[in-house]
Amino acid sequence: MDKTIFDKTDVYQSEIAPLVKQIDELCGRNQIPFFFSAAVANDGEKTSYENQTRTGLPMGVHLTNDQMTNHVKVAAGFDVILPDVIPDIEL
């Protein structure tokens, strides 16, 4: 399948980033953890993302099912799909 080539970095910076900043401030003030991710550019070889997060623990919010940690890991490049074979690790 052909990849869609686009670059919306300028649109993100001028129109969306100020809104994300406002959401971040509101969530912080109201102790609401959140994660935001937008694919702002794709050149056929690489996709560029803009991410913003406010996790619960620094705000004293302890979530029962904290998916924020996994969202942050994915944004940092971690692969969340387990391999077919899990290596033995000696302790």
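Some notes on this structure:
- Calculated [θ] (222 nm, deg cm²/dmol) that DSSP helices of n ≥ 4 give over the chain, each run adding -39,500 (n - 2.57): -7000 deg cm²/dmol
- Close amide H contacts of Asp66 (hydrogens built in the peptide plane, cut-off under 5 Å, sequence separation of 5 or more or a different chain): none are found.
- Residue-wise HN-Hα coupling along region 3-15, computed from phi with Karplus coefficients 6.51, -1.76, 1.60 (Hz; x: Gly, Pro): 7, 7, 9, 7, 9, 10, 4, 5, 5, 4, 4, 7, 10
- Calculated Rg/Rh (Cα atoms, Kirkwood Rh) (choose from (i) 1.08; (ii) 1.17; (iii) 0.97), label: (i)
- Phi-derived couplings, Karplus 6.51 cos²θ - 1.76 cosθ + 1.60 at θ = phi - 60°, listed residue by residue for region 63-70: 8, 5, 10, 6, 8, 4, 4, 5 Hz, with x used for Gly and Pro.
- Residues whose placed amide H lies under 5 Å from that of Ala41, excluding near-sequence neighbours: Lys8, Ser48
- Protein heavy-atom accessible surface, 1.4 Å probe, per residue over the chain: 83 Å².
- Here the chain is treated with +1 on each Lys and Arg Cβ and -1 on each Asp and Glu Cβ, and its dipole about the Cα centre works out to around 460 debye.
- Toward the positive end of the charge dipole of the chain, with +1 on the Cβ of Lys and Arg and -1 on the Cβ of Asp and Glu, the farthest Cα among Tyr49, Phe35, Val20 is that of Val20.
The values are calculated or read from the model by the stated rules, or taken from the named source; none is laboratory data. Remember, predicted model here, so these are calculated numbers, not experimental data. Reconstructed Cβ throughout: ideal geometry from the backbone, glycine too, with neighbour counts over all protein chains shown. For accessibility, only protein heavy atoms count, side chains too; no ligands or nucleic acids. Shrake-Rupley method; radii C 1.70, N 1.55, O 1.52, S 1.80 Å.
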